[in-house]
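Beneath this line is the structure, given in structure tokens, with notes to follow.
Every number here is computed from the coordinates shown, using simple stated rules; none is lab data. Everything numeric in this text was worked out from a predicted model, so none of it was measured. Here the Cβ is made from the backbone with ideal geometry for all residues, glycine too, and neighbour counts use every protein chain on show.
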Amino acid sequence: MDGMEGMDGYQQRTEKKKQAIRHAAFDLFAFYGIEKVSLAEIARKANVSPVTIYNYFGTKDELVKTVLSSFLEEAWQKHIELMKSDLSFPEKIKKMMFDTEEYMLKWNKDILDRMLSNDPEWRAGVEIIVGKAMPEVIRFVELGKKEGYIDENLSTETILVYFNLLKEIKLTSAFKEISTDARKMEELQRVFFYGLFNRNIDKE
């Protein structure tokens with residue numbers, strides 16, 4: 001559903017301006033780095049005044065948090081849609097863990113550092129976003145167990161920790177470097193599904 005449905009004309013124009021600011025900020029942060037971009041430059045690219053940005057988002061630091069939170073929430077929403085899709089369970093897992101969204105390929109060190117920051121306020125915001133998606137993720141894990149793809153002896157809590165660790169890995173520069181290498185991505189998928197040990201190890 002369109003997020004602007006039900007808004008009046010003024011609200012729609014306001015939301016479009018906010019969206020333009022968020023996208024302009026993200027593109028500039030990705031290209032130049034967060035620290036090198038000013039509010040004036042973001043305003044020019046979004047075709048608004050710096051005062052408009054301040055009125056909507058406050059300081060630059062607050063804008064950075066809003067922009068990154070927005071894209072993170074967008075990514076989780078896409079995952080939820082994927083979990084509800086008609087694809088097979090293994091295909092859903094592969095796409096969720098190994099497909100790299102186009103905007104993620106543009107992330108530079110500045111953005112990655114902010115995404116992985118332990119700042120209490122930022123982490124609290126991330127936990128809220130993840131918390132909204134958690135019921136659907138739990139249903140997804142239980143479906144995997146029911147269909148025989150996930151070991152039913154593993155606790156859901158442990159599986160969620162594992163998924164979370166993999167999502168953190170996906171945010172690192174190391175993952176970004178190999179994300180366009182088909183052979184390495186295939187190897188990473190093998191490690192994810194089968195672990196590091198040779199599957200014949202039990203015979204020894």
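Considering the convex hull of the alpha carbon atoms of the range 58-204, report its projected area averaged over all viewing directions, in nm², one decimal.
One quarter of the hull surface, i.e. the mean projection, equals 10.5 nm².
For I111, I80, which order do you get if you count the other beta carbons within 10 Å of each Cβ and list the fewest first? All intermediate terms of the calculation are to be shown ahead of the outcome.
Details: I111 22, I80 15.
In increasing order of surrounding Cβ atoms, one gets I80, I111.
Using only the Cα atoms, what convex hull volume per residue in Å³ does the range 8-58 have?
Per residue, the Cα convex hull of the range 8-58 comes to 62 Å³.
Determine, for D113, D151, the number of other Cβ atoms within 10 Å of each Cβ, and report the residues in order from fewest to most.
D151, D113
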Centroid-to-centroid separation of the range 1-80 and the range 146-172 [C-alpha atoms, Å]: 32
Counting other beta carbons within 10 Å of each Cβ, put I21, I169 in order, fewest first. I169, I21
Which value, in debye to the nearest 20, describes the size of the charge dipole of the range 8-58 about its Cα centre when Lys and Arg Cβ atoms bear +1, Asp and Glu Cβ atoms bear -1, and nothing else is charged? 100
For the chain, size of Cβ-based charge dipole, Lys and Arg +1, Asp and Glu -1, in debye: 460
Would you mind checking the pairs K84/K184; K16/K167; K132/K167; K36/K170 and listing those with alpha carbons more than 22 angstrom apart? K84/K184; K16/K167; K36/K170
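Which helices of the chain meet both criteria: a Cα extent of 27 Å or more along the helical axis and a mean Kyte-Doolittle score no lower than -0.5, with helices taken as whole DSSP H segments?
Length and hydropathy pass: 60-83, 120-146.
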When the dipole is taken about the Cα centre of the range 84-172, and only Lys, Arg (+1) and Asp, Glu (-1) are charged at their Cβ, what size is it in debye, to the nearest 20? 120
Which residue fluctuates the most in the chain, going by a Gaussian network model with Cα springs under 10 Å, if the choices are L143, L63, L112? L143
